[in-house]
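The values are calculated or read from the model by the stated rules, or taken from the named source; none is laboratory data. Just so you know, these numbers come straight off a predicted model, no measurement behind them. All Cβ positions, even for glycine, are placed from backbone atoms using ideal geometry, and neighbour counts span all protein chains on display.
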Amino acid sequence: MGEAIVVNSCSRCKSPAIVHQAYSGQHLCAKHLHASIRKRTSKELRRQLKLPRDARHDDGSPYVILVAVSGGKDSAVLLTMVNDIIGKRRDVEIISGCVDEGIDGYRSPSLEMARELSESLGVKFVSLSYEEMGFERMDEVVRRMPAMGELHDEADGLMPCSYCGVFRRQSLNALAQKTNADVMALGHNLDDMAQSILMNLQKGEIERSVRLAPHTSTPIEGIVPRIVPLRWIPEQEIHAQAISRGLPIHHGECPHAPGAQRQQSRAVIAQLEALTPGARHGLLHSLDNIREIHRDAYPDSKQEVVECSECGEITSREVCQSCTMKKWLSETS
């Protein structure tokens, strides 16, 4: 006989719990997990997005929130939450946008999930592929990586995520322009935020951490501000929420992700959290404090941005990373 599995009851009612918040000591059932996530997301949304009573533009058009969706659990929960919290406002339009990176067996099914969820919520869905952006499909980029590495020292040793991150960011900017978005919501959860902070700190890149979303109080010129309403919600809780609500989500992992630096940070953050519950929250609180100190120390500091001499996109160098990578790709075709 196997051991009986003990299911704890919810700390707020007596229903069976579906998650245990080690950092708060609470067990939560599906209903109270939903209420807890909604409350934290709503608070963050109000803090990051200060909308007037009527947010319409002078020409009467609505204020547009572009929700970046991928077909995964984070963006599914993000879209349903944003739609639930402010979707009924007549002065606001929510649009979901998906970038198709061109990864066989991974992106197509997840794109369909994103479309299905958007349609079920009555939210307009738009997508943009790397080919439409003038990039190569990601599978093709990965195939040419060794050749690019031989031609350029800077390309040698780069992981697929380095290329994809650059192309994806530019594609999201293009989606924002295409939809006339006023703000873009990203599905970064607490684990994502903690991983990014750790990666930047271990490289000594404080400036980069300070520039992490949300951008609404410190907009970067020429780029639609990003908001991250789920930044205080742990990944495990988002997963439990998506499953318990029956949201259409794709469970596959990107086949090109193994070996990326984020994978190492993910393992370190998970270990830290297991040793000291609340460690992820601590890292994010630290970042917020660093950001305030930085703002006080450099009140007039604006991120130095120039327009790329090739494509006109905002960059910190003469030729943006995206155009540099496109050039490498063209040399190996």
- Message: Condition (residue is of a type in the set (Ser, Thr, Tyr) and within 26 Å of GLN264 (Cα to Cα)) applied to segment 123-136: is it met by at least one residue?
- Response: no
- Item | Qualifying residues in segment 5-54 (those that are among the charged types (D, E, K, R) and in contact with a helix residue (DSSP H, G or I) (Cβ under 7 Å, 6 or more places away or on another chain)) - the one nearest to LEU79 (Cα to Cα) | ARG38
- Message: I need the full set of residues from segment 8-25 which are under 16 Å from ILE238 (Cα atoms) and in a strand (DSSP E or B), in order please.
- Response: VAL19, HIS20, GLN21
- Message: Only one of GLY87, GLY71 is under 21 Å from HIS188 (Cα atoms) and without any contact (Cβ under 8 Å) to a residue 40 or more places away in the chain. Can you tell me which?
- Response: GLY87
- Query: Applying the selection to segment 55-65, what residues are in contact with a helix residue (DSSP H, G or I) (Cβ under 8 Å, 6 or more places away or on another chain) and small (Gly, Ala, Ser)?
  - Reply: none
- Message: Given the criteria under 17 Å from THR332 (Cβ atoms), buried (at least 17 other Cβ atoms within 10 Å of the Cβ) and among the acidic types (Asp, Glu), does GLU136 qualify?
- Response: yes
- Message: Quick check on this structure: which one of SER265, SER309 is in contact with a Leu (Cβ under 9 Å, 6 or more places away or on another chain), at pLDDT below 95 and among the small types (Gly, Ala, Ser)?
- Response: SER265
- Restricting attention to segment 45-81, and to residues there that are closer than 26 Å to MET113 by Cβ and of a type in the set (Ser, Thr, Tyr), which single residue is surrounded by the most Cβ atoms within 10 Å (Cβ to Cβ)? SER75
- Query: Any residue at all in segment 300-320 that is without any contact (Cβ under 8 Å) to a residue 60 or more places away in the chain, assigned to a helix (DSSP H, G or I), out of contact with any Ser or Thr (no Cβ under 7 Å at 6 or more places or on another chain) and not β-branched (Val, Ile, Thr)?
  - Reply: no
- Kindly provide the set of residues from segment 139-156 that are surrounded by fewer than 17 Cβ atoms within 10 Å (Cβ to Cβ) and within 25 Å of the chain's Cα centre (by Cα), ordered by number. GLU140
- Message: Can you confirm whether GLY97 is crowded, with 20+ Cβ neighbours inside 10 Å, closer than 20 Å to ILE249 by Cβ and modelled with pLDDT of 95 or more?
- Response: yes
- Item | Selection from segment 186-200 of residues that are polar (S, T, N, Q) and surrounded by fewer than 23 Cβ atoms within 10 Å (Cβ to Cβ) | SER196, ASN200
- If you scan segment 268-295, which residues turn out to be under 19 Å from the mean Cα position of the chain (by Cα) and either surrounded by fewer than 14 Cβ atoms within 10 Å (Cβ to Cβ) or of a type in the set (Val, Ile, Thr) (or both)? ILE269, HIS285, ASP288
- Do we have ASP84 as surrounded by fewer than 22 Cβ atoms within 10 Å (Cβ to Cβ), in contact with a helix residue (DSSP H, G or I) (Cβ under 9 Å, 6 or more places away or on another chain) and not in a helix (DSSP H, G or I) here? no
- Note on the structure: Counted residues in segment 287-309 being among the acidic types (Asp, Glu) and either touching a strand residue (DSSP E or B) at 6+ places or on another chain (Cβ under 7 Å) or within 22 Å of MET138 (Cα to Cα) (or both) come to 1
- Item | From GLU207, GLU235, GLU253, residue being acidic (Asp, Glu) and over 17 Å from the mean Cα position of the chain (by Cα) | GLU207
- Message: Being among the acidic types (Asp, Glu) and farther than 27 Å from GLY157 by Cα is the filter here; which residues of segment 252-280 pass it?
- Response: GLU273
- Query: Which of the residues spanning segment 275-299 are closer than 13 Å to ASP191 by Cα, assigned to a helix (DSSP H, G or I) and touching a residue at least 40 places away in the same chain (Cβ under 8 Å)?
  - Reply: ALA279, ARG280, HIS281, LEU283, LEU284
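Tell me yes or no: at least one residue of segment 6-19 is surrounded by 13 or more Cβ atoms within 10 Å (Cβ to Cβ) and of a type in the set (Val, Ile, Thr).
Yes, segment 6-19 contains a residue that is surrounded by 13 or more Cβ atoms within 10 Å (Cβ to Cβ) and of a type in the set (Val, Ile, Thr).
Which of the following residues is in contact with a Leu (Cβ under 9 Å, 6 or more places away or on another chain) and not in a helix (DSSP H, G or I): ILE94, ILE103?
Unique residue meeting the criteria: ILE94.
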